[in-house]
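Here is the structure we will look at, set down as C-alpha cells.
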Amino acid sequence: MKTPRILIIEDENQIRRFVRIALEAENFDVREADSGTRGLIEASTRQPDLVIIDLGLPDLEGKEVIRQIRGWSEMPIVVLSARDREEEKVAALNIGADDYLTKPFGIPELVARVRAHLRRHHCNENQSNPIAHFGDVTIDLSAHIITRAGTEIHLTPIEYRLLLTLINARGRVVTHNQLMLAVWGPNYSERSHYLRIYMGHLRQKLERNPAQPEFLLTELGVGYRLV
C-alpha cells in the first residue's frame, strides 16, 4: 500500500515544521508550502492525498485556495486556523473544506482526523470509480494502467493527469483554466497552447480517429469534455 501524501499550506514556519514532524512520525509523506500560490502549485503537481491549510495566508486567502482546488479535485481538505468564529468555519466548509480545527490543536486529534478522511476518501474512490471506460479504452484508476483494445498504452505523467481530470469531471465540461491549473499549476495559466498540444497527444493515443474525436471533445472557447 502506498504511503499517503500530505500537503501542508501554512505560512508560520514553526507550526508548519511542528505538523510536518508529527505527521512524518506517523509515516506520512509530507510536503510543505508557505503561501497560497505555492500551495496551488504543489497541489497540482504533487497530487497529494490530503491537504492541511491555514486560512490566513500572505498572498491568497485560504478559502480562495480551497475554491480553486475544488475546481478540479475531490481530495480531502482540512483547515487548521486560529479563526474560531462560527461564520468562518461555516464559510470554509461550504466552499469545499472537509474539516476545520482551530489553533491551538492537539496532534493526536489532527492525526486521527487525517486518517479518518483518508479512509473515507479511499473507500469512496474504490466504491464509485475504480475502472473507467470509453470506446475501447479502459483505465484502471487504482493501478494507473490504460489499455486500448486490450493493448497497454503508455501515458506521460502530464497526459495521465489531463485524462484523470477529465474523468473526474464525469462528463462535465472542464474549462481551459481549470485544466491548466490541475495539470500544470497557476504559473502556466497563460500558456494554453500546452493544453492543445497534450490533448492532441491523448487523442493520438486513445481515439480511433484523432482528427475526428468521439470521446475527447472540444467545447469551443470553453474547454474540453470526456464522454
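Results for (1) in contact with a helix residue (DSSP H, G or I) (Cβ under 8 Å, 6 or more places away or on another chain); (2) farther than 16 Å from VAL114 by Cα, shown as yes or no for each residue.
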| site | (1), (2) |
| --- | --- |
| ARG5 | yes, no |
| ARG20 | no, no |
| LEU23 | yes, no |
| SER44 | yes, yes |
| ASP54 | yes, no |
task = Would you please list the contacts, defined by Cβ atoms under 8 Å and residues six or more apart or on different chains, that run from a residue in segment 148-166 that is under 18 Å from HIS133 (Cβ atoms) and assigned by TED's automatic domain parsing to the domain that holds LEU216 to a residue that is open to solvent by 50 Å² or more (accessible area, probe 1.4 Å) and part of a strand (DSSP E or B)?
result = GLU152/ILE145; LEU166/ARG225
query = Is it the case that some residue within segment 213-220 is without any contact (Cβ under 8 Å) to a residue 24 or more places away in the chain and under 26 Å from ILE41 (Cβ atoms)?
reply = no
request  = For segment 62-71, indicate whether the set of residues that are in contact (Cβ under 8 Å) with a residue 24 or more places away in the chain, assigned to a loop (DSSP other than H, G, I, E, B) and in the same structural domain as ILE95 (by TED's automatic domain parsing) is non-empty.
outcome  = yes
message = Looking for something under 21 Å from the mean Cα position of the chain (by Cα), at pLDDT 90 or above and over 30 Å from ASN27 (Cβ atoms) - is there at least one such residue anywhere in segment 201-208?
response = yes
task = Can you confirm whether segment 16-28 contains a residue that is touching a residue at least 12 places away in the same chain (Cβ under 8 Å), under 24 Å from LEU163 (Cβ atoms) and basic (Lys, Arg)?
result = no
request  = Being farther than 23 Å from GLY185 by Cβ and in a helix (DSSP H, G or I) is the filter here, so list the residues in segment 24-52 that pass it.
outcome  = GLU24, ALA25
key: Where LEU101 falls short, out of the listed (1) farther than 26 Å from MET180 by Cβ; (2) free of Cβ contacts under 8 Å to residues at least 24 places away in the same chain; (3) open to solvent by 20 Å² or more (accessible area, probe 1.4 Å)   = (3)
request  = Kindly establish whether LEU55 is assigned to a loop (DSSP other than H, G, I, E, B), over 14 Å from ALA182 (Cα atoms) and either polar (S, T, N, Q) or open to solvent by less than 40 Å² (accessible area, probe 1.4 Å) (or both).
outcome  = yes
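The values are calculated or read from the model by the stated rules, or taken from the named source; none is laboratory data. Worth saying up front: this structure is predicted, and the values here are computed from it rather than measured. Positions of Cβ are generated from backbone atoms using ideal geometry, with glycine treated the same way; all protein chains shown enter the neighbour counts. Ligands, DNA and RNA are excluded from the accessible area calculation, which covers all protein heavy atoms including side chains. Shrake-Rupley method; radii C 1.70, N 1.55, O 1.52, S 1.80 Å.
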